[in-house]
Amino acid sequence: MWFVTLSRLNRAHHHVLGELEALGLWSDSMAEVQVWLQPFAIGCFGWQDYGSSGDIHIPAVATPRILAKFGFNEGCSLRQLLRHEWAHALAHHHHDLVANRDFRQAFDGSHDCGRAVRSYCPTRHISPYASTQPMEDFAENFMHFVKHRGVPPAKWRNRHIERRWAFIRNLPNLFN
Ligand SMILES: [Zn+2]
């Protein structure tokens, strides 16, 4: 479908919350995050107010979703979108877990550096978008990690992706 309704968003949201809980990637402070259905967005499928409210916003109508409908770019399921945005929400509420050396070693740079640290490499980066900056690298890996319950499909079994997934796998041990 080319637009998002409140009932579809609620269903996807409920599903992803269950996944996060099952994987131990959920905390009381993340429960403060509100997920909003917005009317319209031009340049993105959704966004998260990193560093301000922490909330997640999903537009009912988004130009990339319309373009994907007609085959002009890749689509993104609502669940995948929410998993990606929840990675940003986790980083927002648990900044100490990503502002450290373990993160920099796993994702080739500091979480908040705001720029690409290495050009796109299909072995190292789980998607082209992951190469845009370390926080997106984290969110893209987190999205697939949650979808695949922490077990990487064969195509991603290499030392770069496994280093990133090991970082995510360890996060539940660090929540306090
Ligand atoms: Zn993102």
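Laboratory data are not the source of any read-out in this text; all were calculated from the coordinates shown. None of these values were measured; they are calculated from a predicted model. Please note: Cβ atoms are built from the backbone with ideal geometry, for glycine as well, and neighbour counts cover all protein chains shown.
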Worksheet item: Longest segment of the chain with no chymotrypsin sites (Phe, Trp or Tyr not before Pro) in a DSSP loop having at most 11 other Cβ atoms within 10 Å?
Response: 73-176
Worksheet item: Pulled fully out, how much extra length does the chain show between Asn158 and Ser53, if you take 0.36 nm times their separation in residues and subtract their Cα-Cα distance?
Response: 34.2 nm
Worksheet item: How many nm is it between the label spots at Ser119 and Ser29, if each spot is 7 Å from the Cα in line with the beta carbon?
Response: 3.8 nm
Worksheet entry | Considering only the chain, percent of DSSP beta bridges that pair antiparallel, nearest 5 | 25 percent
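Stokes-Einstein diffusion coefficient for the chain at 20 °C in a medium of 1.002 mPa s, Rh from the Kirkwood formula over Cα pairs: what value in µm²/s?
Working: Rh = 16.5 Å.
The Stokes-Einstein estimate is 130 µm²/s.
Kindly rank 7-14, 148-155 from highest to lowest mean number of other beta carbons found within 10 Å of each residue.
The most tightly packed comes first, giving 7-14, 148-155.
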